[in-house]
Amino acid sequence: MISLLAAARILVVLAILAMSAVAATEISSPRKLEKGALLQCGWWSNSSTANYNSTTSDHCKWTGVTCNKAGSVTRITLQNNGTKRELDKFNFSCFPNLENLSVSSDYIPEELGNLKNLVSLDLSRNNIQGTIPHGLTKLTKLNYLILSSNQLSGQIPITIEALFNLEHLELSNNFINGTIPFELEKMPVLRYLDVSYNNLSGDIPYFLDSMSWMSFINLSYNYLGGEISENLVNRYSLQAFIGNKGLCSEFGGFPPCITHNLPATPPNNEYEPTAVDTVASVILFLLYTITKTGDMFSIWNYDGKIAYEDIIESTEDFDIRYCIGTGGYGSVYKAQLPSGKVVALKKLHHFESEESTFAESFQNEVRILSEIRHRNIVKLYGFCLHKQCMFLVYEYMERGSLYYCLHNDDEAIELHWTKRVNIIKDIAHALTYLHHNCTPPIVHRDISCNNILLNSESEAFVADFGTARLLHSDSSNRTIVAGTCGYIAPELAYTMAVTKKCDVYSFGVVALEVLMGKHPQELLSSLSSSSYQNIRLIDVLDSRLSPPIDHTVVQDIALASSIALACLHSEPKFHPTMKCVSQEIVSGRKMVQKPIHEITMAQLQKPEMFLFGGCDN
């Protein structure tokens, strides 16, 4: 018979085991909740979640997921695989230990503020619209906040001071307006601030002088005004302030400050200058300056001391050895300025007073580019209108034109499939900005591979606005045919009417050329033939590259091809808008669930999908 002492010992052991079981259940339950939430949001394919029932830690092995030693999710990184993630399906409350989140998404939900332990949030390079949610200011442990290259508008919330642990803030390449909030001064560890390429206005905040702990500031390409102190000029590069025409200073080559110097006026303010105002002011300034001095020279964004002679010396009077390209309106030269900066000089062909078209092209390009702020549109640094010649000073693009890269075997091989899809996306985003974010809209009219430039990272930039046209609602917008043969929309030849659809067609040609490695004229000629039904996607892709194998890359190529074909529809009314193109090309839409060798071009020809498939036109 078991003694009372032995029985007591058994009861103690059983109690301990029971408590251990409860503890184990409590430990495993959060893991199961996290895994269940990951499955529910639908961000992973079936192959990623095949082992769902095997062990509680399987989800830690899924693509983009990182866990701590206890098996709790601490990082999710799914930003660069081309698929959009719907954050409204993500149960934030199930991830108490999530510290890093980097995904592609279309918007920022207020619920994101529930991730109390988040230290890094990266939602850059999406099409996120709307304002910055106040819910983000609940993330008091946040060190890094990156929302650059979206379509965010509204003001920087004054509640941002609640992010007292924030060290790194990137809001560049958006449409944020208002002033730079004084609340930034109350953020004691903020060291990196980039709000470039926005619509910010007002004076440069005085408190930036006293924020000695700041190591990087970029306020370039806004509508800021006022005086820049010697301290700011010395502490930060001049590149931090370029593109703000209202700035003045006694230092660094900025225009000197004068009494009653007014700050620049941003768009969407109480008074918004019309295109007529802009044209009139530019032309009057040109006429006044030419009449008074005989020439005009302005290098924006540099030290203000560069003279015409410096350009002549750096190119040895535009010697052919420095020429890197020639177009219809002029030749392009590579030059190194006295500051060491390498730039591209577009010298317009010599013009006589009676040949006004050249001067008009020059003025047109200056006027349009000086108002444009987009990461995928080439930057205009300055210009010269001189008795002897006139030229534009551009940002230098290391890889040259897209045409050159596609038609040079060595360069083309370096443009792998993902880079090519990204090039198409870059062009789409630039045209979307011109068509839908400029007032009045701007039609480029000469989109071709020669007018797309690539930098050292193979990012694409739209260039050459010599024939660009502002669209006025009260105008017929009729004009002579402008553009490059092989890229001009067929309807323009007989209607002579400039519309945004002209650029859409040209974009379709360029997109196919990027994927095919050559002009798609032969393919376009066969669109209406019976043989077109049997043309496979893999047969038209650039044969210099190995056929894509990765499923995501195949889907990206199929989607880009389908969008390009929609842009080339014989009926312009079926062309999608560039805004729709830009949204769709980053949507991750699955076009055909087949291996690439089974996909035909006819299967990808679905223009109605981009008109009536929920795309926001």
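We did not get these values from a lab; they are worked out from the coordinates using the rules stated. Model, not experiment: these values are computed from the prediction. Cβ: placed from backbone, ideal geometry, glycine included. Neighbour counts: every protein chain shown.
Some notes on this structure:
- Taking every alpha-carbon pair under 8 Å whose residues sit at least 6 apart, the range 30-248 reaches a relative contact order of 11 percent.
- For the range 30-248, the direction-averaged projected area of the alpha-carbon convex hull comes to 11.9 nm².
- log10 of Debye I(q)/I(0), alpha-carbon scatterers only, for the range 377-440 at 0.13, 0.15, 0.22, 0.28 Å⁻¹: -0.57, -0.71, -1.01, -1.15
- Residues 201, 153, 570 arranged by fewest to most Cβ contacts within 10 Å: 570, 153, 201
- Exposure proxy shown here: for 402, 169, the number of other Cβ atoms within 10 Å sets the order, fewest to most, as 169, 402.
- Charge context of residue 456, other residues only, Cβ under 9 angstrom, K/R +1, D/E -1: -2
- The alpha-carbon positions of the range 400-612 define a convex hull whose volume is 118 Å³ per residue.
- Each Lys or Arg adds one and each Asp or Glu subtracts one; over the other residues with Cβ under 11 Å from the Cβ of residue 592, this totals +3.
- Anchor residue 419: lysines whose Cα lies under 23 Å away (excluding residues fewer than 8 positions away in-chain): 84, 379, 518, 579, 590, 594
- Taking a Cβ cut-off of under 9 Å around residue 214, the surrounding Lys, Arg, Asp and Glu residues balance to a net charge of +2, with basic ones at +1 and acidic ones at -1.
- Shape category assigned to the range 520-578 from the gyration tensor of Cα positions, a/c cut at 1.5: oblate
- Ordering 556, 409, 542 from the fewest to the most neighbouring beta carbons within 10 Å gives 409, 542, 556.
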